[in-house]
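What follows is one structure encoded as C-alpha cells, with my remarks underneath.
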Amino acid sequence: MKTKLPLLILGLLFASLGFSQTFTDNGLTYEVTSTSPNEVQLTGGTPPTSNLVIPAAVSDGTDTFSVVSIANTAFENAGLTGVTFPNTLRDLGQITFRSNAITEVVIPEGITEIPQRCFSNNDLVSVSLPSTLERIGFRSFERNEINAIDIPQTVTNIDGFAFDRNRLSTITLPSNV
C-alpha cells in the first residue's frame, strides 16, 4: 500500500498538469485559463463572417466564461476585414491578426501592450489606442495604410519598426517616449 499511494498521487499530478479544457462556440475555439474566476483565451477557429466580433462571454454548455485573451497567431491570414474586441480583453497575442484585410481597429481599455506583429500586413487606415497602453511591440503595425496616429501618454516604449511601411503624415507622441 505504501508504494501504491505515492504512485497514485504522482499519476494524478501528471494528469492534472496535462489537462486543458477547450471548447468551441459559434465557430471559435476557446481554452479555459481559469475557473476562479471563469476565464478563457480565444485560440482561433473559423469566424462566422469576415468581420470578427469577439464576445465578452462564452459558454461551454455548463459554465459561462469571460474572454480575456487571444492566443498567438489565432487569426493570422484568416481573411478578416474587421475585428471588434470586448471590454473584458486584457491580452493580445503575437502575430494574432497578421496578414488580413482589417481596415479599422479600436483597442479596448485594459490592454497594456500591442505585441510584435499583432496587426502587421493589413489595410489599417484607422487605429484607436487605449489610455492603458504602455508598449507598442516590434513591427506591430507595419505594412498598413495608417496616415495619422495618436500615441497615448501612458506609452513608454515603442519597439523598432512598429509603424514601418505606413503612410504616416501625423504622429502625436507622448513626451516621455
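Per residue, the accessible area of the chain comes to 53 Å² when a 1.4 Å probe rolls over the protein heavy atoms.
Would you please classify the overall shape of the range 49-123 from the alpha carbon gyration tensor, given that a ≥ b ≥ c denote the square roots of the eigenvalues, rounded means a/c under 1.5, and beyond that prolate means a/b larger than b/c while oblate covers the rest? Note, shape of the range 49-123 comes out prolate. Here's how it looks for residue 132: its modeled amide H is under 5 Å from those of 110, which are all 5 or more places away or on a different chain.
Where the accessible area of the range 43-177 is counted over protein heavy atoms with a 1.4 Å probe, how much of it, in %, is carbon and sulfur? Summing carbon and sulfur atoms, their accessible area is 43 percent of the total for the range 43-177. Rounded to the nearest 20 debye, the dipole magnitude of the chain is 500 debye, with +1 charges on Lys and Arg beta carbons, -1 on Asp and Glu beta carbons, and the Cα centre as origin. Rounded, prolate or oblate: pick one for the chain, where a ≥ b ≥ c are the square roots of the eigenvalues of its C-alpha gyration tensor, a/c under 1.5 means rounded, and failing that, prolate if a/b is larger than b/c, else oblate. Cα axes put the chain in the prolate bin. 3J(HN,Hα) along the range 25-37, derived from phi through the Karplus expression 6.51 cos²θ - 1.76 cosθ + 1.60 where θ = phi - 60°, amounts to 9, 6, x, 9, 9, 10, 10, 5, 10, 7, 10, 8, x Hz, with x in place of Gly and Pro.
Within the listed set 46, 62, 88, the Gaussian network model of the chain (springs between alpha-carbon atoms below 10 Å) gives the highest mean-square fluctuation for 62. Where only DSSP H runs of four or more residues are counted, the chain gives -3000 deg cm²/dmol as its mean residue ellipticity at 222 nm, each run worth -39500 (n - 2.57). Looking at the chain alone, DSSP beta bridges between its own residues are antiparallel in about 45 percent of cases. At the residue level, residue 109 shows approximately 100 square angstrom of accessible surface with a 1.4 angstrom probe and all protein chains present. What you get for the range 96-161, charging only the Cβ of Lys and Arg (+1) and of Asp and Glu (-1), is a dipole of about 240 debye around the Cα centre. Between the residues 62, 144, 88, the greatest Cα displacement towards the positive end of the dipole of the range 57-177, with unit charges on the Cβ of Lys, Arg, Asp and Glu, is found for 144.
Applying 1/(1 + (r/R0)^6) with R0 = 22 Å to the Cβ-Cβ distance of residue 84 and residue 134 gives a FRET efficiency near 0.45.
The values are calculated or read from the model by the stated rules, or taken from the named source; none is laboratory data. Predicted model only: the values in this text are computed from it and were never measured. FYI the Cβ positions are ideal-geometry reconstructions off the backbone, even for glycines, and counts take in every protein chain you see. Accessible surface areas use protein heavy atoms only, side chains included; no ligands, DNA or RNA. Shrake-Rupley method; radii C 1.70, N 1.55, O 1.52, S 1.80 Å.
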